[in-house]
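Engineer: Below is one structure. I have some questions about it.
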Amino acid sequence: MKLVLVFCLSVLLHGLPALAADTDAGNVKRNAAESSLIETGRKIYTQGILGSGVPLRGTRGAGLVLQGKEAACISCHRSSGMGSVEGNLRVPPISKRFMFPEPGDLVMANTDGIRGKTLNQTHAPYTEESFARVLRDGLGVTGAQLQEVMPRYNLSDADRAALKAYLMQLSADYAPGVSKETIQFAVVIAPGTSPERKKVFMEMVQAVQHLKNGSTSPRKRYMTSAATFASQTERRWDVQIWELSGAPETWRSQLEERYQRNPVFALLSGLSDSTWAPINDFCKAQRVPCWFPSVPLASGSAGSYGLYFSRGVQLEAEALAMHLASAMPKAGRVLQVAAKEGIGDIAATSLQQALKASSQDASLYVLQNNNPNSITDALQTARPGDTLVLWLGMEQIKLLNALAPPAGVQIYMSSSMSFQQGRTSLPAQWKAAVRFVYPYELPSKRQANLAYLHAWLKLQNIALVDEELQSEVFFSLTLMTETLQDMLDNLYRDYLIERTEDMLGKRESGKAEQENRDRRMLGRTARLAVAAEAAKGGSVAQAPTAQMAQRRAFAVGESEGTTVYPRLSLGPAQHFASKGAYIVRYASDGSDQLLLDSDWIVP
């Protein structure tokens, strides 16, 4: 009996590891099968390719057949599955929480393309039967007929199961860096940034964060709308400062190390006086939104997660090429001066490439170690009728003090490289001779646009140091605040990008119109105060108080936007909000007044 018992115990005990191994193997197989199913669903959703490898087919309206990528769900419902808006057309969310909601889960999304505050209709979870019906017949879970723009699909059981598996994990969890109470952000500052710009940049970031968190706490929710109040979606901001060091080739590894320690939802603004490419590459690799940094050169390929004000000096170079190609009489030779391996070198290369379209070339004189000889060589080579382009930064401009501009030569410079605090330090003899590629609105026209910025700076006791930079930072931070409020509890990175692409132009025009309505609705007393303030003269920025700054802005005209740029807008897969530039010149050698020399040029 003892032998039998010992034998049984031995078998039982020694069999346990085998049983555990079998269980682990079963889990691995199930996980592999589930991953394979989700991957098949992903291809259906994003590429329009069925499990068999043949293109997906869908029929829209009266019989329009869509096939492959154009039939894929992503074309309307976007990467996040959160839908989109186009004019009056509302494409609803189809991600996990909206198609297959858990009992008691309050799921809401803004889905109105006109007002921006119409919410989705809640419904019961889709079952296998109702999911098949909505794909095949366009009948929702309630039995209501979907819009004709929604294609009808005749999927096999296997493909339908794969698509459902993909939707079940799509935008199902908060993005990294998001919790119920907090959103983690990072602000990146590149080496070599001027101390003055860095100081005012940090002042503004800290002021906005303080104001935001002052109105948001676990027991004090800031109610921007009934939806945000009901879903309790306001969160505090935790903003980390990621200040980089060393050579650009080391920046990405520094960012990855910090990100591994503390993942963030997005890079919130940022500052660089040189390249931004390694930071952009990090964002692409980690799928972290790069949110409107203040940089002179955005990466030529922003990737899916980069949003920028413009393409910087590359845009300026292409706008200049268009201007030169359309000039009458035609310009002669084009001579360029730029430092080697810097922002100017990239701009010079961009101009050379753009000029090839009009069969024109541009010679380059390389500025090395800030030696003025290359500038002298270019000046001596230039003849009347030629064009001279000086891609010089603020420090390099000093090299022009001992030189005179050549007669009869059109001279151009980049304002983003050679302007600081809204002006340049060009010698007087050069100031009258140079034209600038200018990607901003003229200072005389943008006072009304920046009324609220100037009033806010006065209230926060922050000095106006660099209007272009401070306008960009203020816009970046306030846009993030408003976009997160609009997203409610759907805090997914893809959705942040998509919502901004859909709503930026509308947001800009809407805010400008609201400011104009505020001005038109001023009472008699307020109108008299505005008139009295206007009679004093002086710019909006020079007003001694926030109230006077607003009054002066109300008197100078109506807003057309809210930034230093004439217009900002995005569309699907667009990543640069401002797309053009002016050519400007000074009114005289002793004046800081800028005059237009061209219309708005969009390359």
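Engineer: Given the stretch 484-584, what helices (runs of 4 or more DSSP H) lie entirely inside it while holding 3 or more residues that are modelled with pLDDT of 75 or more? Give the steps one after another, and end with the answer.
Structural biologist: On the way: elements: 493-520, 524-535, 546-556.
Ranges flagged: 493-520.
Engineer: While we're looking at this one, here's another question. Give the stretch 476-486 a look and list any residue that's of a type outside the set (S, T, N, Q) and crowded, with 20+ Cβ neighbours inside 10 Å, or say none.
Structural biologist: Within the stretch 476-486, Leu477, Leu479, Met480, Leu484, Asp486 meet the criteria.
Engineer: Going by the conditions given, is Ser425 assigned by TED's automatic domain parsing to the domain that holds Leu320, of a type outside the set (A, V, I, L, M) and modelled with pLDDT of 90 or more?
Structural biologist: Details: assigned by TED's automatic domain parsing to the domain that holds Leu320: yes; of a type outside the set (A, V, I, L, M): yes; modelled with pLDDT of 90 or more: no.
Criteria not met by Ser425.
Engineer: While we're looking at this one, here's another question. Whether any residue in the stretch 285-295 is farther than 21 Å from Val389 by Cα and assigned to a helix (DSSP H, G or I) is what I want to check.
Structural biologist: So far as the stretch 285-295 goes, yes, one or more of its residues are farther than 21 Å from Val389 by Cα and assigned to a helix (DSSP H, G or I).
Engineer: Give just the number: which of (1) farther than 18 Å from Arg493 by Cβ; (2) part of a loop (DSSP other than H, G, I, E, B) does Cys76 not satisfy?
Structural biologist: Status for Cys76: all satisfied but (2).
Engineer: Take Ser304 and decide whether it is at pLDDT below 95 and either of a type in the set (A, V, I, L, M) or farther than 27 Å from Gln260 by Cα (or both).
Structural biologist: no
Engineer: Right, something else. Working carefully through the options Trp237, Trp251, find the one that is modelled with pLDDT of 95 or more, in a helix (DSSP H, G or I) and in the same structural domain as Asp486 (by TED's automatic domain parsing).
Structural biologist: Numbers: Trp237 fails: in a helix (DSSP H, G or I).
Just a single option satisfies the conditions, and that option is Trp251.
Engineer: Oh, and also: Of everything in the stretch 449-467, what is crowded, with 22+ Cβ neighbours inside 10 Å and either under 21 Å from Met202 (Cβ atoms) or among the hydrophobic types (A, V, I, L, M, F, W, C) (or both)? Give them in sequence order.
Structural biologist: Correct list: Leu450, Ala451, Leu453, His454, Leu457.
Engineer: Quickly run through the stretch 344-366 and pick out the residues that are aliphatic (A, V, I, L, M) and at pLDDT below 90.
Structural biologist: Narrowing the stretch 344-366 to residues aliphatic (A, V, I, L, M): 346-348, 351, 354-355, 357, 362, 364, 366.
Ala357, Ala362, listed by residue number.
Engineer: How many residues does the stretch 180-195 contain that are more than 17 Å from Ala277 (Cα to Cα), in a loop (DSSP other than H, G, I, E, B) and of a type outside the set (Asp, Glu)?
Structural biologist: Residues in the stretch 180-195 being more than 17 Å from Ala277 (Cα to Cα), in a loop (DSSP other than H, G, I, E, B) and of a type outside the set (Asp, Glu): 2 in total.
Engineer: Pick from the stretch 132-179 the residues that are polar (S, T, N, Q) and not in a helix (DSSP H, G or I): which of them is nearest to Met108 (Cα to Cα)?
Structural biologist: Step one: filter the stretch 132-179 for residues polar (S, T, N, Q), giving 142, 145, 147, 154, 156, 169, 171, 179.
Imposing the further condition that a residue be not in a helix (DSSP H, G or I) reduces the set to 142, 145, 147, 154, 156, 171, 179.
On the way: Thr142: 18, Gln145: 21, Gln147: 20, Asn154: 29, Ser156: 31, Ser171: 13, Ser179: 18 Å.
Of everything passing the filter in the stretch 132-179, Ser171 is nearest to Met108 (Cα to Cα).
Engineer: Can you find a residue in the stretch 476-489 that is touching a Leu at 6+ places or on another chain (Cβ under 7 Å), farther than 23 Å from Leu268 by Cβ and among the polar types (S, T, N, Q)?
Structural biologist: no
Engineer: A further question on this structure: Does any residue in the stretch 362-387 that is in the same structural domain as Ile346 (by TED's automatic domain parsing) come within less than 6 Å, Cβ to Cβ, of a residue that is of a type in the set (D, E, K, R) and part of a helix (DSSP H, G or I) six or more places away or on a different chain, and which pairs are these?
Structural biologist: Pairs found: Tyr365/Asp377.
Engineer: While we're on this one: Spot the failing condition for Ala62; the list is (1) surrounded by 20 or more Cβ atoms within 10 Å (Cβ to Cβ); (2) in a loop (DSSP other than H, G, I, E, B); (3) aliphatic (A, V, I, L, M), and only one is missed.
Structural biologist: Only one criterion in (1) surrounded by 20 or more Cβ atoms within 10 Å (Cβ to Cβ); (2) in a loop (DSSP other than H, G, I, E, B); (3) aliphatic (A, V, I, L, M) is unmet by Ala62, namely (1).
Engineer: Another question about this same structure. Which of the residues belonging to the stretch 395-438 are part of a loop (DSSP other than H, G, I, E, B) and among the β-branched types (Val, Ile, Thr)? Talk me through it step by step, then tell me what you get.
Structural biologist: Step one: filter the stretch 395-438 for residues part of a loop (DSSP other than H, G, I, E, B), giving 401-409, 419, 421-422, 424-427, 432-433.
Hits for the stretch 395-438 are Val409, Thr424.
Engineer: Can I ask one more? If you go through the stretch 172-193 one residue at a time, do you hit one that is modelled with pLDDT under 95 and among the hydrophobic types (A, V, I, L, M, F, W, C)?
Structural biologist: The answer is yes, given that some residue of the stretch 172-193 is modelled with pLDDT under 95 and among the hydrophobic types (A, V, I, L, M, F, W, C).
The values are calculated or read from the model by the stated rules, or taken from the named source; none is laboratory data. Because the structure is predicted, anything quoted here is derived from the model rather than measured. With ideal geometry, Cβ positions are generated from the backbone for all residues, glycine too; neighbour counts draw on all protein chains shown.
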